[in-house]
Amino acid sequence: MVEINGVAVGTEVYPNKETIFKNSICSSGLTGDEININFRYESDGDITALIMTKKYLDDVHSNTKVNLTMKYIPYSRMDRYIDGYMFSCKYFCEIINDLKFNRVFVLDPHSSVSVAVLQRVSEISIQPYLDKIIHENNIDYVFYPDNGACKKYPEKIKLPEHITYFYGNKKRNLQTGYIEKYELVNAPDLKDKNVLIIDDLCSKGMTFFLSGSEIKSKGAQNVYLYVSHLEDSVKEGKLLNSNIIDEIYTSDSIFNDYSQEKITILKPIN
Ligand SMILES: O=P(O)(O)OC[C@H]1O[C@@H](O)[C@H](O)[C@@H]1O
């Protein structure tokens with residue numbers, strides 16, 4: 001989904017599935033010094049819509065600065081050279097650079113690779129989300145479910161002084177995607193404690209099902225999960241039908257099913 005100043009672009013298609021890119025939004029008054037594009041990845045077609053929209057704005061509003069908000073960066077997981085695979089994260093970010101946005105705003109990117117490639121990029125902080133969740137749920141401990149999260153978040157977020165974190169180790173088979181082994185590393189006494197798991201992405205939720213199960217088996221009272229980007233595929237996994245996680249919190253970056261019990265989509269930060 002692509003919006004120009006809050007109005008969706010390209011919502012109709014021709015019979016052959018090409019999108020009808022109308023300019024009604026633009027003719028109904030695009031004034032001001034800056035235009036804001038909101039890009040929410042739902043499918044690869046949204047990337048076409050983004051390219052068309054920026055090209056259109058360059059054409060008819062060539063003197064106006066155009067900002068892009070792209071909370072979830074598509075292809076951000078394909079963030080290294082792997083033999084036989086395309087380095088899609090790099091290529092996608094280069095396409096964004098080629099479009100020459102004035103500023104690009106992203107939320108909690110999966111790794112440092114995307115922000116290293118993207119130009120004129122700023123990160124929207126997830127701190128206000130975490131402060132709210134920690135406060136409202138009387139969190140005792142924070143848990144980072146894998147090495148990636150454990151490396152990233154201590155540098156990125158500030159926990160209240162009384163809260164310490166512990167972390168987990170997972171071994172995923174890259175061919176099958178299956179998690180073959182999961183263990184808690186430095187777990188404190190969790191009896192009757194409230195734990196918040198923090199990570200960037202949830203796909204089918206297996207990482208959180210396994211880590212949450214381990215945490216609950218150590219006597220934790222409530223286990224909450226914050227993920228910046230929640231994929232729809234979470235509905236296909238075990239997580240939502242179990243009692244392992246008491247509430248999942250996420251941003252509106254890619255998840256938009258407000259009917260799900262146990263999932264809170266947090267209001268945009270700014
Ligand atoms: O376990 P699922 O939900 O499938 O995958 C999510 C995990 O896989 C990683 O890319 C994410 O950073 C997260 O740790």
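Computed from the coordinates by the stated procedures, all read-outs in this text should not be read as laboratory data. Note that the structure is predicted; figures quoted are calculated from it, not measured. Counting neighbours? That spans all protein chains shown, and the Cβs are built from the backbone with ideal geometry, glycine included.
Worth a mention:
- Euclidean distance of C-alpha centroids, segment 231-267 and segment 1-23, integer Å: 28
- Residue among L57, T31, S112 farthest towards the positive dipole end of segment 2-124, charges placed on Cβ: S112
- The calculated 222 nm mean residue ellipticity attributable to helices in the chain amounts to -7500 deg cm²/dmol, summing -39500 (n - 2.57) over DSSP H runs of n ≥ 4 and dividing by all residues.
- Using a Förster distance of 30 Å, the FRET efficiency for D257-E123 (Cβ separation, nearest 0.05): 0.70
- Each peptide among 192-205, 7-20 gets the average number of other Cβ atoms lying within 10 Å of its residues, and from highest to lowest they stand as 192-205, 7-20.
- Here the extension length gained between A8 and N241 equals 80.5 nm, from 0.36 nm per residue of separation less the Cα-Cα distance.
- Principal semi-axes of the equivalent ellipsoid, √(5λ) from the alpha carbon gyration tensor of the chain, are 37, 20, 18 Å from largest down.
- The Kirkwood radius of segment 2-124, taken over pairs of alpha-carbon atoms, gives through the Stokes-Einstein law at 4 °C and 1.567 mPa s a diffusion coefficient of 85 µm² s⁻¹.
- DSSP bridge pairs, segment 127-265: antiparallel proportion in percent, nearest 5: 20
- Folded to 0 to 90 degrees: helix 147-156 orientation relative to the chain principal axis, Cα: 70
- Taking segment 103-204 and dividing mean pair separation by its residue count, relative contact order in percent (alpha carbons under 8 Å, at least six apart): 28
- Only the Cβ atoms of Lys and Arg (+1) and of Asp and Glu (-1) were treated as charged; on that basis the dipole of the chain about its Cα centre amounts to roughly 400 debye.
- Environment charge at F105 (Cβ cut-off 14 Å; Lys +1, Arg +1, Asp -1, Glu -1): 0
- Where the Cα pairs of segment 170-270 fall when distances are cut into 5 Å bins, in %: 2, 12, 23, 24, 18, 13, 6, 1
- Nearest-20 debye value, segment 194-252 charge dipole, Cβ charges on Lys, Arg, Asp, Glu: 320
- Projecting the Cα atoms of P268, F87, S203 onto the dipole axis of the chain, where Lys and Arg carry +1 and Asp and Glu carry -1 at the beta carbon, places F87 farthest toward the positive end.
- Comparing Cα centroids, segment 43-58 and segment 147-209 end up 36 angstrom apart.
- Normalised by the number of residues in segment 2-124, the average gap of Cα pairs under 8 Å and 6 or more apart makes the relative contact order 21 percent.
- The slack between I51 and K132, meaning 0.36 nm per residue of separation minus the straight C-alpha distance, is 25.6 nm.
- Qualifying lysines (Cα of each under 27 Å from Cα of K171; at least 8 residues distant if same chain): K90, K151, K152, K156, K181, K191, K193, K204, K216, K218, K235, K238
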